[in-house]
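The values are calculated or read from the model by the stated rules, or taken from the named source; none is laboratory data. Model, not experiment: these values are computed from the prediction. Cβ placement follows ideal geometry from the backbone for every residue including glycine, while neighbour counts extend to all protein chains displayed.
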């Protein structure tokens with residue numbers, strides 16, 4: 001089974017802190033994604049990566065950056081956390097986009113910024 | 001870019017009833033339409049998908065229909081059970097894109 005793991009289920013940080021959210025997948029997938037999930041707003045794409053060291057902005061990249069140094073690991077970075085970044089963060093991965101489109105999601109990290 | 005609208009936002013049914021969730025999309029070139037189910041405390045999981053060359057697809061109690069002319073697609077769940085209670089997301093993908101555009105989700109509550 002494909003497994004996508006996220007480093008923390010719950011995280012509490014203070015305003016202004018630098019926050020790292022880590023995601024690891026074990027299926028050698030090319031694509032990895034970071035979403036944020038808020039009530040009434042659904043899943044919104046923050047950033048995605050289609051290869052090591054490659055990244056593309058999604059719909060809401062402001063206030064976030066990402067890093068992909070190894071194929072299996074995709075990190076989301078909040079350079080200076082703010083209260084409006086309190087949310088559920090979901091990581092996903094998928095295989096060759098030309099043939100297989102299914103995205104596999106991790107369990108999510110619920111981040112609270114106080 | 002693609003825009004996906006999903007209705008209703010919440011749906012309550014009695015066990016054994018049918019449930020229908022509807023989505024519309026804006027980009028007529030979109031050719032892949034998945035449905036994801038998110039149970040409490042878990043990430044979304046693909047339950048069924050359909051490609052634009054097919055009008056309907058079934059998998060046991062769930063089915064998806066696609067109307068390309070009207071640019072809408074629907075999820076049908078028959079004989080609902082309490083374990084069907086979850087948030088359901090539809091999505092659309094234009095050709096050549098790696099990303100999915102998701103609807104805002106529908107919370108389905110199935111009462112025993």
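If you check every pair at least six apart or on different chains, which have Cβ atoms under 6 Å apart with a residue in the stretch A:23-43 that is in a loop (DSSP other than H, G, I, E, B) first and a residue that is modelled with pLDDT of 90 or more and surrounded by 22 or more Cβ atoms within 10 Å (Cβ to Cβ) second?
Pairs found: A:29/A:93; A:29/A:94.
Restricting to strands (runs of 3 or more DSSP E) lying wholly in the stretch B:25-101: which have 1 or more residues that are closer than 19 Å to residue A:93 by Cα and out of contact with any helix residue (DSSP H, G or I) (no Cβ under 8 Å at 6 or more places or on another chain)? Show your work before the answer.
On the way: elements: B:32-38, B:45-51, B:56-59, B:62-67, B:72-77, B:86-92.
Filter on the stretch B:25-101 gives B:32-38, B:45-51, B:86-92.
Could you list, in sequence order, all residues of the stretch B:102-112 that are outside any loop (DSSP other than H, G, I, E, B) and within 14 Å of chain A (Cβ to nearest Cβ)?
Once the filter is applied, which keeps residues that are outside any loop (DSSP other than H, G, I, E, B) and within 14 Å of chain A (Cβ to nearest Cβ), the stretch B:102-112 yields B:102, B:106, B:107.
Could you run through the stretch A:80-112 and say how many residues are surrounded by fewer than 20 Cβ atoms within 10 Å (Cβ to Cβ), part of a loop (DSSP other than H, G, I, E, B) and modelled with pLDDT of 95 or more?
Going through the stretch A:80-112 one residue at a time, the tally reaches 4.
State yes or no: is residue A:76 away from every other protein chain (no Cβ under 11 Å) and crowded, with 21+ Cβ neighbours inside 10 Å?
yes
In the stretch B:34-52, what residues are more than 10 Å from chain A (Cβ to nearest Cβ) and more than 13 Å from residue B:85 (Cα to Cα)?
As a first pass, look at the stretch B:34-52 and keep what is more than 10 Å from chain A (Cβ to nearest Cβ): B:35, B:37, B:39-40, B:47-48, B:50, B:52.
Answer for the stretch B:34-52, where residues must be more than 10 Å from chain A (Cβ to nearest Cβ) and more than 13 Å from residue B:85 (Cα to Cα): B:35, B:47, B:48, B:50, B:52.
In the stretch B:3-24, how many residues are within 15 Å of residue B:107 (Cβ to Cβ) and assigned to a loop (DSSP other than H, G, I, E, B)?
2
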